[in-house]
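The values are calculated or read from the model by the stated rules, or taken from the named source; none is laboratory data. These figures come from a predicted structure and were not determined experimentally. Cβ placement follows ideal geometry from the backbone for every residue including glycine, while neighbour counts extend to all protein chains displayed.
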Amino acid sequence: MNLLIDTHLILWAASMPGQLPRAARTLMGDVLNTLSFSAASIWEVAIKAGLEREDFKVDPRIIRRGLHENGWRELVITSKHAAAVGGLPAIHKDPFDRILVAQMQEESMTLVTSDSVLTGYPGAIRCV
């Protein structure tokens, strides 16, 4: 199964693997699954890191490098994905989550998330 992992789960996997829900660990640990991350997730981490909050000390370059080193596939954002956002119902306002949903739909992937609001969108979305 081709899995697109959302930003929150990526951050947990990178820095607090014990926080990952068991369902996420199972999906991400299955060697038959292909793990992918979106460029949007790295962008989101970069923006949050740029705010220099005391509670968010994450380097997006280190996260990206670690994902690549662990065999994750990087999903770039294309104009097809960007255009698809326009056709999404207004279920979620977060632009990063909306592009993940559009990418999942356009690439026929399964989005793995901890955000139950995203399950309101059509497509293969697994809330863990």
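Just one of the listed residues (ILE5, ILE99, ILE62) is without any contact (Cβ under 8 Å) to a residue 60 or more places away in the chain and of a type in the set (Val, Ile, Thr), namely ILE62.
Checking the structure you have, find out if any residue of segment 14-35 is among the charged types (D, E, K, R), closer than 14 Å to ASN2 by Cα and modelled with pLDDT of 95 or more. Yes, segment 14-35 contains a residue that is among the charged types (D, E, K, R), closer than 14 Å to ASN2 by Cα and modelled with pLDDT of 95 or more. Yes or no: ASP59 out of contact with any Phe, Trp or Tyr (no Cβ under 7 Å at 6 or more places or on another chain), modelled with pLDDT under 95 and either within 15 Å of ASN2 (Cβ to Cβ) or of a type in the set (Asp, Glu) (or both)? Criteria met by ASP59.
For every residue, the table says whether it meets (1) among the aliphatic types (A, V, I, L, M); (2) farther than 16 Å from ALA46 by Cβ.
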| position | (1), (2) |
| --- | --- |
| LEU67 | yes, no |
| ASN70 | no, yes |
| ARG73 | no, yes |
| SER79 | no, yes |
| HIS92 | no, yes |
| PRO95 | no, no |
| ALA124 | yes, yes |
| CYS127 | no, yes |
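Listed by position, the strands (runs of 3 or more DSSP E) contained in segment 2-112 that have at least 1 residues being more than 17 Å from CYS127 (Cα to Cα), among the small types (Gly, Ala, Ser) and touching a helix residue (DSSP H, G or I) at 6+ places or on another chain (Cβ under 7 Å) are 34-38. The sole residue among ILE5, ILE42 that is surrounded by 16 or more Cβ atoms within 10 Å (Cβ to Cβ), in contact with a Leu (Cβ under 8 Å, 6 or more places away or on another chain) and not charged (D, E, K, R) is ILE5. Considering the conditions (1) among the basic types (Lys, Arg); (2) touching a strand residue (DSSP E or B) at 6+ places or on another chain (Cβ under 6 Å); (3) surrounded by 15 or more Cβ atoms within 10 Å (Cβ to Cβ), ARG98 is excluded by exactly one of them, (2).
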